[in-house]
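Okay, so here's the structure we're looking at.
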Amino acid sequence: MSSSGLSPELLKKAQDELNEDPNTRQQKLDELREMFKRRPDIKFRTDDAFLLRYLRVRKFNVERAFKTLVHYYEVRRDYKDIFTDFTPSAVQQQLEDQVHLIVPGRDSNGRRIMILRPGNWNPNSYSLIPLFKASVMFLEMFCEEEETQINGLNFVADYGGVTKEYLKHFNPMLVRKLTDTIQNAIPIRLKEVHYINQPKFFDLIFSIFRPFLSEKLVKRLHFHGDEYGTLHEYIGSALLPSEYGGALQNVTNREWIDKLLAKEDDIIENNKYGFPKSVDALGGQKGGVDPTGGLVGSFKKLDV
């Protein structure tokens, strides 16, 4: 597996922060593939580019990378409300509502920045599920970028325009699935989460999420209200839209929507991996088997 396209600075960061060694990278990939024999019930993707993102997110600890990869296929099997009809075309309406905004460029640490704007969503038109599907698809797109695998991602959650009418969609069972998938299954380094324009009842929303967040992630949460100056201390104004006191004018998510829609065939192909559907039909083990010996599919916080 070659990473010759990476700059010397990025290669050094991968070595310093992720324990990546170009001399043993291929060996680690081969060790990870060898572990697939433990789970003959799963059809794994085996290409280097896909597997490398799991090694990087678990700092080249092969056992932990394998555990995360197994869980990736488990959530895709167990959370059928999210991963059925999991294609960009199935959520095109939600994409066009532009709840997601990926800003041009990267921050000073080389991180992608995605802004979530639930206020653009009409809660009487559709549920939270298609929005979450779209979020996961964008995250998986980011995971394809080696620069993002190494540097990570920052979220900004703008709650402007959110009313109490939205609360009916935030049930604990769904929130468990959302947090489990993002924290424990998607191989993304989530470095910062910034909340802005929180309504007075935001504590009610956050109280639903808080029990399912790892302590590591909780330490990366920042609450700004409508004080954009404190947000700019983390994300420079040159990378933020004008409505957040930034320099970007009339920015939309059109480019990323089109990129995602163009990946329809790739996503359909990726959906073919994991647990064969016939296993479920024949009464396969619902929770699967954790490679460390415990039960999975129980919404535990892996905190890895």
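Out of all the residues in segment 101-109, is one or more over 24 Å from LYS277 (Cα atoms), assigned to a strand (DSSP E or B), of a type outside the set (Asp, Glu) and open to solvent by 30 Å² or more (accessible area, probe 1.4 Å)? Even if it seems obvious, please write down each step before you answer.
First pass over segment 101-109, keeping only residues over 24 Å from LYS277 (Cα atoms): 101-109.
Within this subset, residues satisfying the condition of being assigned to a strand (DSSP E or B) are 101-102.
Cutting the leftovers down to of a type outside the set (Asp, Glu) gives us 101-102.
Now restrict to residues that are open to solvent by 30 Å² or more (accessible area, probe 1.4 Å): none.
No, because not a single residue in segment 101-109 is over 24 Å from LYS277 (Cα atoms), assigned to a strand (DSSP E or B), of a type outside the set (Asp, Glu) and open to solvent by 30 Å² or more (accessible area, probe 1.4 Å).
Taking segment 234-266, which residues are more than 15 Å from LEU101 (Cβ to Cβ), outside any helix (DSSP H, G or I) and within 24 Å of the chain's Cα centre (by Cα)?
TYR234, GLY236, ALA262, LYS263 - these are the residues of segment 234-266 that are more than 15 Å from LEU101 (Cβ to Cβ), outside any helix (DSSP H, G or I) and within 24 Å of the chain's Cα centre (by Cα).
Determine the pairs where a residue that is within 22 Å of ASN120 (Cα to Cα) and among the small types (Gly, Ala, Ser), located within segment 146-166, has a partner that is assigned to a helix (DSSP H, G or I) and open to solvent by 20 Å² or more (accessible area, probe 1.4 Å) with Cβ atoms under 7 Å apart, the partner being 6 or more residues away or on another chain.
Within 7 Å, the pairs are GLY160/GLY119; GLY161/GLY119.
Identify, from the list ILE205, ILE235, ILE150, ILE196, the residue that is more than 15 Å from ILE115 (Cβ to Cβ), modelled with pLDDT of 95 or more and of a type in the set (A, V, I, L, M).
Working: ILE205 fails: modelled with pLDDT of 95 or more; ILE235 fails: more than 15 Å from ILE115 (Cβ to Cβ); ILE196 fails: more than 15 Å from ILE115 (Cβ to Cβ).
None of the other options fit; the residue is ILE150.
Scan segment 146-164 and give yes if some residue there is out of contact with any helix residue (DSSP H, G or I) (no Cβ under 9 Å at 6 or more places or on another chain), assigned to a helix (DSSP H, G or I) and surrounded by fewer than 19 Cβ atoms within 10 Å (Cβ to Cβ), otherwise no.
Taking every residue of segment 146-164 in turn, none turns out to be out of contact with any helix residue (DSSP H, G or I) (no Cβ under 9 Å at 6 or more places or on another chain), assigned to a helix (DSSP H, G or I) and surrounded by fewer than 19 Cβ atoms within 10 Å (Cβ to Cβ).
Please give the number of the condition ILE196 fails out of (1) in contact (Cβ under 8 Å) with a residue 60 or more places away in the chain; (2) in contact with a Leu (Cβ under 8 Å, 6 or more places away or on another chain); (3) of a type outside the set (Gly, Ala, Ser); (4) buried (at least 19 other Cβ atoms within 10 Å of the Cβ).
The one condition ILE196 does not meet is (1).
Please go through segment 94-123 and pick out each residue that is polar (S, T, N, Q) and under 24 Å from MET173 (Cβ atoms). Spell out the reasoning first.
Taking segment 94-123 and keeping what is polar (S, T, N, Q), we get 94, 98, 108-109, 120, 122.
Correct list: GLN94, ASN122.
Is it the case that segment 78-91 has a residue that's open to solvent by less than 20 Å² (accessible area, probe 1.4 Å), of a type in the set (Lys, Arg) and assigned to a helix (DSSP H, G or I)?
Within segment 78-91 (the criterion being open to solvent by less than 20 Å² (accessible area, probe 1.4 Å), of a type in the set (Lys, Arg) and assigned to a helix (DSSP H, G or I)), the answer is no, since none of the residues qualifies.
Considering segment 44-65 alone, what residues qualify as being in contact with a Leu (Cβ under 6 Å, 6 or more places away or on another chain) and either of a type outside the set (Lys, Arg) or part of a helix (DSSP H, G or I) (or both)?
Of all residues in segment 44-65, those in contact with a Leu (Cβ under 6 Å, 6 or more places away or on another chain) come to 48, 51, 54, 56, 59, 62, 65.
ASP48, LEU51, TYR54, ARG56, VAL62, ALA65, listed by residue number.
Examine segment 73-88 for a residue that is over 30 Å from PRO123 (Cβ atoms), touching a residue at least 40 places away in the same chain (Cβ under 8 Å) and touching a Cys at 6+ places or on another chain (Cβ under 7 Å), and state whether such a residue exists. Before you say what the answer is, go through the steps one by one.
Of segment 73-88, the ones over 30 Å from PRO123 (Cβ atoms) are 73.
Checking which are touching a residue at least 40 places away in the same chain (Cβ under 8 Å) leaves us with 73.
This time we only want the ones that are touching a Cys at 6+ places or on another chain (Cβ under 7 Å), so: none.
No, the conditions are met nowhere in segment 73-88.
Can you name the residue in segment 109-153 that is touching a strand residue (DSSP E or B) at 6+ places or on another chain (Cβ under 9 Å) and charged (D, E, K, R) and, of all such residues, is nearest to ASN197 (Cα to Cα)?
ARG117
Can you say whether LYS13 is surrounded by fewer than 17 Cβ atoms within 10 Å (Cβ to Cβ) and not polar (S, T, N, Q), as far as the supplied structure shows? First the steps, then the outcome.
Values: surrounded by fewer than 17 Cβ atoms within 10 Å (Cβ to Cβ): no; not polar (S, T, N, Q): yes.
Here the answer is no, as LYS13 does not meet what is asked.
Let me confirm something: among ILE113, ILE82, ILE196, ILE188, which residue is of a type in the set (A, V, I, L, M), touching a helix residue (DSSP H, G or I) at 6+ places or on another chain (Cβ under 7 Å) and more than 21 Å from LYS216 (Cα to Cα)?
Numbers: ILE113 fails: more than 21 Å from LYS216 (Cα to Cα); ILE196 fails: more than 21 Å from LYS216 (Cα to Cα); ILE188 fails: more than 21 Å from LYS216 (Cα to Cα).
None of the other options fit; the residue is ILE82.
The values are calculated or read from the model by the stated rules, or taken from the named source; none is laboratory data. Note that this is a predicted model, so its numbers are computed, not measured. A quick note on method: Cβ atoms are made from the backbone with ideal geometry, for glycine too, and the neighbour counts reach across all protein chains shown. When the accessible area is computed, the model is the full protein with side chains, heavy atoms only, and any ligands, DNA or RNA have been set aside. Shrake-Rupley method; radii C 1.70, N 1.55, O 1.52, S 1.80 Å.
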